[in-house]
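What follows is calculated from the coordinates using simple rules that are stated; it is not laboratory data. In this text the structure is predicted, and so the values were computed from the model without any measurement. Glycine also receives a Cβ, built like all others from the backbone with ideal geometry; neighbour counts cover every protein chain displayed.
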Amino acid sequence: RILKEELEKRKSVLGDESVEVAKILKTIANLKLKQDDLEDAAAFMLESLEIYRLVDYRTVRDELSEELLFLGDIYASLGEKRKALKFLKEGLETLKETVEPKLELIAKINHDMGELHRSLGEYEEAVTHLTQSVEVRKRIMGPLHPLLADTISSLAFTYGDMGKMGESADCHNFALQVYRNTHGKNSEKVASTLNNLAMCLSDLGAYNEALAFSEESVNIRENRFGAGHNVVASTLNNKACILRAMGRLEEAEMDYLAAIMIGERTLGRAHPDVALRRNNLAEVYMSMHMNEKAERLLREAVKHWSEELGPDHPRVGIGLNNLAVLLGDEGRYEEAIPLQRQLLNIDRAEYGQLNVFVARDLNNLGRYLRKNDQLNEAEDVIRKGLKIRQEILPANHQHIGSSLDNLAHCLLAKGEKELAFKTGKKALAILTASLREDHDWVVQAKEHWGG
């Protein structure tokens, strides 16, 4: 109330277009932000921004860029990512016109734009902005600054999303060394980064190293927060994922059950994070061929996600994907296909057409259609998924090999034997180059196309 009175006073004395009025508006926006009133915060910031745009902005470029950064971050918090990117891009362009721009502001805007592009599945753009942020922060802060480590950590996640797990592990490892120096070896930053590095190494097949890092993360968090804390449950969940990948299913089951029990006590049975742990436990039961238990857990996870987050939320898609896989493995294609179509619609709405998740959905839908003898539609959707993967993934990525393998099987079922084997051999070459020799995809491709 006092700020609004001061605002009206300054408007009456200085006029509606004074920079001093803009500063009061920004202060009110900050207050609204602390009160979690994001809509009002955005409204006050827009009014402040318009004042800066009316004055000779060459004299206030840094301030204008800060306004645009602030507004971009508000819209990012509101989930309006495209609008956030628009303001951040304008802020970056404004800074570049400054004779002596604030370099940390350039680094911060690039970092935030990278995070937004990553959340939209636009990984190349994300890497570009995050790399620019890293370069600036190294120059002005040196190689051991925690803000630099934060950006390199974001770069690690982006590389992971792109399937570049080696680069991702290198970035996580760099961030870990910085955080050990700046935050201490038993800090939460270190525990979090150990957890992330462990999951990355697991994806690379370095399971023993991954498990050691994961156990270190669990130990730090148990000592900091107590064994019954939800952050410990979250780390146990990830440790269980590694154990599952190692084939140590009974141990994975025990860790998942512990994570679920802690989550139900601290968060509630219907919480989305608890639903995720049920989903993960269901994957263990699928590997153990305990499909009835798995299906029950998956349907419960989908139910809770739909009720808590809405039926079109990406997490609903996680459960739908696994449920469709389970039904497909049981030959229940008539049930799997509509779930897969629902998942495809969710991911298209969330990520757009050119996205790894959409490509995965198309490939899986094509597989179920193929096995249900709907071969023409199967070929069409498999080719669409393949085209997306070829546009956004490296040429020898294993998922391109998977799409080619699926297409080859479809062509063979349609009687196009020569083209099927030609396509299958392409798939085999990619899978052999990108995966371990004993990987299931490689073994199966050799059986079908190796002769």
Practice prompt. Rounding to the nearest 20 debye, state how big the charge dipole of the chain is about its Cα centre with +1 on each Lys and Arg Cβ and -1 on each Asp and Glu Cβ.
Written response: 440
Worksheet item: What's the local net charge at G226, with K and R +1, D and E -1, over the other residues with C-beta under 14 Å away?
Response: +1
Worksheet item: Given K23/K89; K108/K138; K89/K189; K239/K293; K371/K414, which pairs have Cα atoms separated by over 18 Å?
Response: K23/K89; K89/K189; K239/K293
Worksheet item: With each run of n ≥ 4 DSSP H residues scored as -39500 (n - 2.57), what mean residue ellipticity at 222 nm is computed for the chain after dividing by its residue count and rounding to the nearest 500 deg cm²/dmol?
Response: -27000 deg cm²/dmol
Item to complete: With a ≥ b ≥ c taken as the square roots of the eigenvalues of the C-alpha gyration tensor of segment 107-183, please select rounded if a/c is under 1.5 and otherwise prolate if a/b is larger than b/c or oblate if it is not?
Response: oblate
Fill in: Sequence-distant aspartates and glutamates (8 or more away, or on other chains) whose Cα lies within less than 15 Å of K417
E379, D405
Worksheet item: Between L236, G166, F44, whose Cα lies farthest towards the positive end of the dipole of the chain when Lys and Arg beta carbons carry +1 and Asp and Glu beta carbons carry -1, centred on the Cα centre?
Response: G166
Worksheet entry | Charged-residue dipole, Cβ positions (Lys, Arg, Asp, Glu), segment 107-183 about Cα centre, Debye nearest 20 | 380
Fill in: Extension gain from T128 to E100, taking 0.36 nm per residue of separation minus the Cα-Cα distance
7.8 nm
Worksheet entry | segment 153-172 and segment 190-240: distance between their alpha carbon centers, rounded to Å | 17
